[in-house]
Every structure is written in structure tokens, then in C-alpha cells.
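Participant: Sharing a structure with you now.
Every number in this text was worked out from the coordinates using simple rules, so none of it is lab data. Predicted model, so just to flag it, every value in this text is computed and none were measured. No Cβ is skipped: glycine too gets one built from the backbone with ideal geometry, and neighbour counts run over all protein chains shown.
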Amino acid sequence: MSMRTVELVSEWDPVSFDGGYDGLRSLSDRGFSGAVTAGSTQLFMLNGTVVGIPDGDIEAFDGADGTARAAPHDALPLLVVMQDRAEAPRAQYYTEDTAISEVDRTLEDGNFTGYVELSENVLSGDYYLVYHQGRSMSVAWVGNSRKLVTDEDAFEQANDEVGIYQVMPADVRPVEIPEPPEPTTSSNDAGTAAGAATADDADESSGTDVGRNVTPDSAVADEREGTVPEAESPRTNERAVGANDTSEPDGPSSADDATATGTERTAAAATESTPSEPEAAESVAESTSREPEAVEPATESAQRNAKTADATRTERPDTSGSRTTRAGSTGASTDRPEEPVAADDDRTMAAAADSDAVGALETRSVPSLDPERSSSTPERTTAAARSQAQQSGTAADSASSQSPSARTDTTSTQESQPPESSQSASAEPTVEDVDRTAPSPELEAELEAREAEIAELEGEIRDLASENEELAAERDRLLGELEEARAEIQRLEEELAAAGGPAPSGRSLSAAEAIDGTNLFVRYHSKGEATLAKARDGSADRASVEENLRLEHHTQFDAGDAAVDGDSFEEFLHASIQYRFVDWLVRNLLYEIRDTGHENAMGVLYDALPAVDRAELNGTVSVTYTENGQEHRSQETFDVVVRDRMGNPLVVANINDARQPATEGQMADIVRNAERVGNASDSLAAAFLVTSSFFEPEALETAEEATSSGLFSRDKRKSFVNLSRKGGYHLCLLEARNDEFHLAVPEL
């Protein structure tokens, strides 16, 4: 983080923080956006999600007190994390050559994650555009006072600024807040269980034959060879862990553990007589609670093994596994003081098991003592460890019959030879080796660039496929109209032939011709009386507005003597779904929004309704849009285009007047065309898809995708399509049945 960012975090407003994981979960439930500091570690949250912990990890907050500060804008915590993780810029531009708005559209289309920084050769301030999966927020610090400017103002100022800006990709990986751990066995219960197990072993062993006594070492070997039933192994392991946790403090290094164990075994080997069973149990308890003292030469091999195991560790949050193994070895030396060689081999096996359990310690809250469960080494390594344990037991039995000098020679010989189990543990690949095989930042940047290029090409493919579908739909529509015209001509010719006389006076029109040549106008008997604007402000009731409002029509033909399918033009027009939709829009929708209390949720459309002046049937809107870096001009056609007095489009609508349900393709067409109109004109308030049937599930899913929000959106507007810094419009789905209209989406 830069110094400016650190100073900025310290100036954020403090909020309450209870500390620990519970405090983090409380902030997450509140949708907190800001920074949480515990000691020297800072955590950043966005809308309740932990988005990054620069120079630290989540464990630093376990049980720790700290402070929480709320960010003045949602973009700031995300920007801090991205600045920490960003490495090399993907691209660099000069604003006079490439405007920020052009790069902004490209990054949004490519679902870019990272930020754009405009600060080089800029005197007015520093400007940032923060992106997450293509959606962006803007912040800036301007002037000598470093005033914070956000959102549209920050973007507009950055777009008008002259300088050099960089595109910085950054990866955002949310961090899970750990759940509270499950309660463990109390120390008294664990100690009682351990004492009972020792007493049972002592009762079953022979008091005169030391070689056949069942020692803790043999019990551990039995567990490694699978002689303990699976249903009992987990409970046994948990009791062993609990007992050792109460007898030793957490945190000593494995080398110190091995030294302490070796010292205790040397002292035990000097004892001339085997202690009684109660005394042996007391020796076990005392040896596991004493601090390490002097280091004898016989413990050097155990130290080397422990250091080798430590070299492969990256985290040791819990040393209960090694303490359990040491407890077993200490018990063996107390019960059989004449076996120093076997004790040394047991230390070697403890170091190997400690090294093999690194992978399990990183993923389990309670480590297992079973090597088949906790070891990450291959099966052959486990088998070799069991074989060595058996050889150690044989060597210990033979050593019990040797003289003290012979045992001393054997011990010295084994000290000079590195244990095979330690070599097996050190031969395993370490975390540092894995890190060295990770891809370099240059490769990652190139990979991200390729992925962005692939996403752009896929977007072009989708656009071309959509355009192809649009052209095919247009072709089918024209063919259908042609067939309808031919059928109409044939029908009229048949009627004329049946009548046996000349054609009736006046003009006969098809339904398509009648709709194409008709426009509707919203007028009032008196603008000084009740109007839609006064109804919106609450100064006029619905009945007064209905009495004053009228819906007129203007045609490009003589409507007085025109006939449509044998009916008069007036009858045809009032029965058409286009006319009924416009009538419902100006006479009913405003009151439905107001009476259900959605004036704010539907505010864009609610404020636009009083400005409606006219409606074009089968109207077109001229738009200019940029696609793939090229500017395009097109005429977007809709079944109904509602405009204000200046001709600006307020509402566009497509109508499905068939018995079949509205399809996903029809929904995609209205969304795409409305977005083009909305990007070209800020006046667009709503887009409607009207059907006389119902909507297919795929069409509803398309509408939901178009109105869904991103990671940092808090938009409270209903069924709202956000456009790139141009506001947006409401996407509404309307069902027309039984001469009535029902608003399906959004639900009011």
C-alpha cells in the first residue's frame, strides 16, 4: 500500500468491533465496507465480504481485539487490495490518443478485474477506476486539499483530464471467515482416560518378563499397522491429543521436544532397576510436564531428525501430534530402562511421523495419530516406517541382554548413522519447492491478456450469432407479412367476385397498413385542470384526470371511410393491442405505482409518465453506438415508441400478439435494442415486452440476468437495467389477457 492509502485508512470513521472471528462475522452480517485492524494486520471488507488481507492472514484476528473503520466509498477497500496485489501494468495510454471512456467500454465488455490509475503528468489530482468482473466504480483525490470525488463526477473529471494512465490487472480472492471450533475433551477427562489406559496395560503385562510387556511404543506400532478397529481409532486419538495438551504448553519446536525426550530417556536408562507399575505411570506424567534440561550425546540423532522435519514445515498451529508421539516414547523408556537403542529408534520414528503430518495439520483442526490418516507420504514410506519400527523392537530385545558397554557402543554407532525415516521425510518435496514451480508474474499477466482476448472474441461470436438470429427473425416476419397480404388480396378478390359488382367506396386496409400509418397523441381538454403531472404531485385525483385526459389518433390516410378486415378503422384501432397498451400506460400505470408505494423503486418511470406527449405505432429510433471499437448507426424498430414533446424516447415496447408464449429470443431483442437506445438517449425510462399469452422460463431468466447487480451494487430500484454511467431503465414484462393488463415484472 502507498503511504497515501495508509493515511486515508486512518482517517476513515471508526465503527464498533467486538474483536475476533465473532466480530468479523458481525461486520459481515451488517454488510460492512471498510478496514479492520488487529495489531499490524489490516483486513478489508466490501459489503460484508473479506476481499483481502495485505501482508497477513485471517488467523491474526483469532481472538484479537482491534479497530474497524468504515470506508467513505465502497471502491476504497477494493482499491487498497488491488493496489497491494497488482504487479505490472497491462497497458499504458495517453489521454489525448486514447480517451478513458473508450478503454472503460472495452474493460467492461471484457469483464475486467483491476483498476485504471490516472496520476502521471496530472496536476489536478489522482484518478482511479476500480473494476470487478466488468462493473466499475470511480474515485479521485483532487486539489491541494485532496478532496474525495466519487462515482459519475470522478469519472467525468478523469475523462476530461490530460495525462498518462495505466491499466493494472489485479486478482481479488475473497477470504472465508472461519467458523467457531467444536468443543474438545476437558483436561480432567483426558487425564483420567490416559491413566485408565496405562493401568489397563500394566494389568495385562507380565511382572517378571520385561521383554513381553506391552509398552506404549508397541501400542503405537499396533495403531500404525491397523490392529485397532476403525470405529475406536478416532476416539483413541482424540483422548491422546487431549491428554498431551494438558501436560505440555503449545508452541515448542520439534527439536526441543526431541532433546527433552532424549534427555529423559538417558536418565531413565541410567536407572538400575525397573520401577513398579504405579511408579512407571508417575514417571510418564512427570516426564511429559518437565521442561527440557541438558542435552546428552545420545540425543544428537533425534535433534537432527527433528530439524529435518522442521525444514519441511510452513505452519505448525498445533503440536499435539508430536506431543502424543513423545508421550509414547517417554513411556517406553520409563517402563524399559535397559533399551536406549530402541528409544533412539522411537525418536527417529516420531520425527518422521511429525514431518509426514504437515499436510494434515494444515487441513484438520484435530490431527490424527494414525499415520494412514495423517501422513501425506506415499504408501511405501508408511510401510518402510512400520518395518523399521519392528526392527527397532527386535534390536531393543537383544540389547536388554547385552552388557552396559555393549549397549553404549551400539548407541554410539546409531548416533553416527542418519535414520532412514528422517531421510524419507526430508526426501519429500517441500512447500518452497512447490513455490518455485509456480508461474511467474509475466506468465500470469500474459495468461490474463489471452483470457481477455478470448473473452472478447467470444463476445464477438455471440454478437454475430445474435445478429444472425435477428436477421432470420426479420426475414421470417417479412415472409409472414407477405403471406398475410397475399391471403388478404385473395379474400378480397373472392368477395368482389361473389358480390358481382364494383369495389365499395373508400379504402380497404390490412391490419399492418393501418397500424403503420397511425400515431396516438395524449391531450387534455384544459391544461389548467387535472393532469398527470398534478396527479403525480398529489394535487389532482384520478377521476378528475380521467375526465380531462383524451387519447387522439392521427393517420396518414383518410380514416373516415377506411375499412380494416371489414370493420371500420375506429373499431379496429380501439380493439388493437397497441392502442389498449398506450391507453393503459397513460391512464392506469401511474396510479398502480403510487397506490402500491413504489414511487422510489420505480422512480425513473414514475417521473417520466407525466411527460408523455405521443406514441408512434411501429416506430423507429435512430441510435449511434460503439461496438468492438467501431462506431455504428442504426434504426431500432419497436412496436410502440412513446415520446415527449421534444421527440425524445421515453418508453419503448414490443408486442407478442400470438397464442404462443414470449420466447427468450424476443426478450433478448428488446433488452439489446433498448440498451442501444438508452446509451444514445438519457431520456429512456422503461422498456416493455407485452404478450397476450405468457413468458417462457428462459425469457424470465434473460430478464433477470439483465437486471441483476454486481458485487458492490446497492441499487434499490426494481427490475432496473444499469447502463454504463448513463443511468438506466426499468425492464417491465406485461401480460394482456381478457382486455386487461397485468404487470408480471416487476411485481407491485
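Participant: Could you tell me which of the pairs K534/K718; K147/K718; K147/K716 are separated by over 30 angstrom between their Cα atoms in the structure shown? Show your work: numbers first, answer last.
Facilitator: Details: K534/K718 24 Å; K147/K718 33 Å; K147/K716 28 Å.
Listed pairs above 30 Å: K147/K718.
Participant: Can you give the % of DSSP beta bridges in the range 480-605 that are antiparallel, to the nearest 5? Present the calculation step by step, with values, prior to reporting the outcome.
Facilitator: On the way: 9 of 12 bridges.
So the antiparallel bridges amount to about 75 percent of the total.
Participant: Right, another one. Taking every pair of alpha-carbon atoms in the range 621-748, give the share separated by more than 23 Å as a whole percent. Can you show the working numbers first?
Facilitator: Values: 2601 of 8128 pairs.
Percent of Cα pairs beyond 23 Å in the range 621-748: 32.
Participant: Roughly what would the spin-label model give for R542 and L496, points 7 Å off Cα along C-beta, in nm?
Facilitator: 5.0 nm
Participant: A further question on this structure: If you restrict to DSSP beta bridges whose two residues both lie in the range 511-745, what percentage is antiparallel, to the nearest 5? Each step should come with its number before you reach the end.
Facilitator: Numbers: 37 of 50 bridges.
Roughly 75 percent of the beta bridges in the range 511-745 run antiparallel, per DSSP.
Participant: Considering every pair of different Cα atoms, what Kirkwood radius, in Å, is found for the range 442-503? Please list the in-between numbers first.
Facilitator: Working: mean 1/r = 0.0619 Å⁻¹.
Computed over the range 442-503, the radius equals 16.2 Å.
Participant: Contact order normalised by length for the range 1-70, with contacts defined as Cα pairs under 8 Å and 6 or more residues apart; what percent is it?
Facilitator: On the way: 114 pairs, mean separation 26.9, N = 70.
Computed value for the range 1-70: 38 percent relative contact order.
Participant: Still on this model: Give the value in nm², to one decimal: projected area of the alpha carbon convex hull of the range 604-650, averaged over all directions.
Facilitator: Details: hull surface 16.4 nm².
Projected over every direction and averaged, the Cα hull of the range 604-650 covers 4.1 nm².
Participant: What percentages, rounded to whole numbers, describe P(r) for the range 511-745 computed over all alpha carbon pairs with 5 Å bin width beginning at zero?
Facilitator: The distribution over the range 511-745 is 1, 6, 14, 17, 20, 18, 13, 8, 3, 1, 0, 0, given as percents.
Participant: Okay, moving on. Output the direction-averaged projected area (hull surface divided by four) of the convex hull of the alpha-carbon atoms of the range 3-169, in nm². If you can, show how the numbers build up before the last one.
Facilitator: On the way: hull surface 38.3 nm².
Mean orientational projected area (the range 3-169, Cα hull): 9.6 nm².
Participant: Please give, to one decimal in nm, the separation of the simple spin-label points placed at L123 and I58, each 7 Å out from Cα toward the Cβ.
Facilitator: Spacing of the two 7 Å Cα→Cβ label points: 4.9 nm.
Participant: Over 10 Å intervals from 0, what percent of Cα-Cα pairs in the range 18-108 sits in each interval?
Facilitator: Histogram of Cα-Cα distances, whole percents per bin: 16, 39, 23, 15, 7, 0.
Participant: Computed over the Cα atoms, what is the radius of gyration of the range 485-577 divided by 2.2 N^0.38 Å, N being its residue count?
Facilitator: Values: Rg = 19.2 Å, N = 93, 2.2 N^0.38 = 12.3 Å.
With N residues counted in the range 485-577, Rg over 2.2 N^0.38 Å equals 1.56.
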